[in-house]
1. Considering only the range 1-35, state which residues are part of a helix (DSSP H, G or I), among the aliphatic types (A, V, I, L, M) and more than 20 Å from ILE45 (Cα to Cα).
2. Under 9 Å between Cβ atoms, which residue pairs at least 6 apart in sequence (or on different chains) link something in the range 35-50 that is on the phi < 0 side of the Ramachandran plot with a partner that is small (Gly, Ala, Ser) and not in a helix (DSSP H, G or I)?
3. For LEU11, all conditions in the list (1) loosely packed, with under 14 Cβ neighbours inside 10 Å; (2) among the aliphatic types (A, V, I, L, M); (3) modelled with pLDDT of 95 or more; (4) touching a helix residue (DSSP H, G or I) at 6+ places or on another chain (Cβ under 6 Å) hold save one; what is the number of the exception?
4. For the range 36-61, which positions are loosely packed, with under 12 Cβ neighbours inside 10 Å and assigned to a helix (DSSP H, G or I)?
5. Please work out which one of (1) touching a residue at least 40 places away in the same chain (Cβ under 8 Å); (2) over 16 Å from the mean Cα position of the chain (by Cα) is the condition SER57 fails and give its number.
6. Test ALA63 against the criterion of being among the small types (Gly, Ala, Ser), modelled with pLDDT of 95 or more and either under 15 Å from the mean Cα position of the chain (by Cα) or over 25 Å from LEU82 (Cβ atoms) (or both), and give yes or no.
7. Checking the structure you have, find out if any residue of the range 66-76 is assigned to a helix (DSSP H, G or I) and touching a residue at least 40 places away in the same chain (Cβ under 8 Å).
8. Take PHE26 and decide whether it is surrounded by 14 or more Cβ atoms within 10 Å (Cβ to Cβ) and either at pLDDT 95 or above or out of contact with any helix residue (DSSP H, G or I) (no Cβ under 9 Å at 6 or more places or on another chain) (or both).
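The values are calculated or read from the model by the stated rules, or taken from the named source; none is laboratory data. This structure is a prediction, so every number in the text was calculated from the model and none was measured. Using ideal geometry, Cβ is built from the backbone for each residue, glycine included, and neighbour counts are taken over all protein chains shown.
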Amino acid sequence: MIDYALAFAFLCFGIGALLCMWRVTFSPTLPDRILALDTLVVNMIAIIVLFGMYHGSALYFEAAMLFAMTGFVSSVAYAKFLLRGDIIE
């Protein structure tokens, strides 16, 4: 039963990631692209965690945590660049 649930979750998050990539590519404004990129990071974290559950390894959870920290910092940097025009003051 867990195999079917993991397959369904992979499918859902995979479709979500593809739609986010489409929105990053064909978005009309920069804030929409930043939001889509942040949502893509969340979807990729979920896919990494699901992959770790599928293989039963804790290494993927640590990789997901590192990816989450990198995604958060990049989202903050993009937002700061959008608001002020520079990142380093």
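1. Passing the criteria: only LEU30.
2. Listed pairs, sorted by first residue: LEU35/SER27; ALA36/SER27.
3. Of the numbered conditions (1) loosely packed, with under 14 Cβ neighbours inside 10 Å; (2) among the aliphatic types (A, V, I, L, M); (3) modelled with pLDDT of 95 or more; (4) touching a helix residue (DSSP H, G or I) at 6+ places or on another chain (Cβ under 6 Å), the odd one out for LEU11 is (4).
4. Result: HIS55, LEU59.
5. (1)
6. No.
7. yes
8. When the stated conditions are applied, PHE26 does not pass them.
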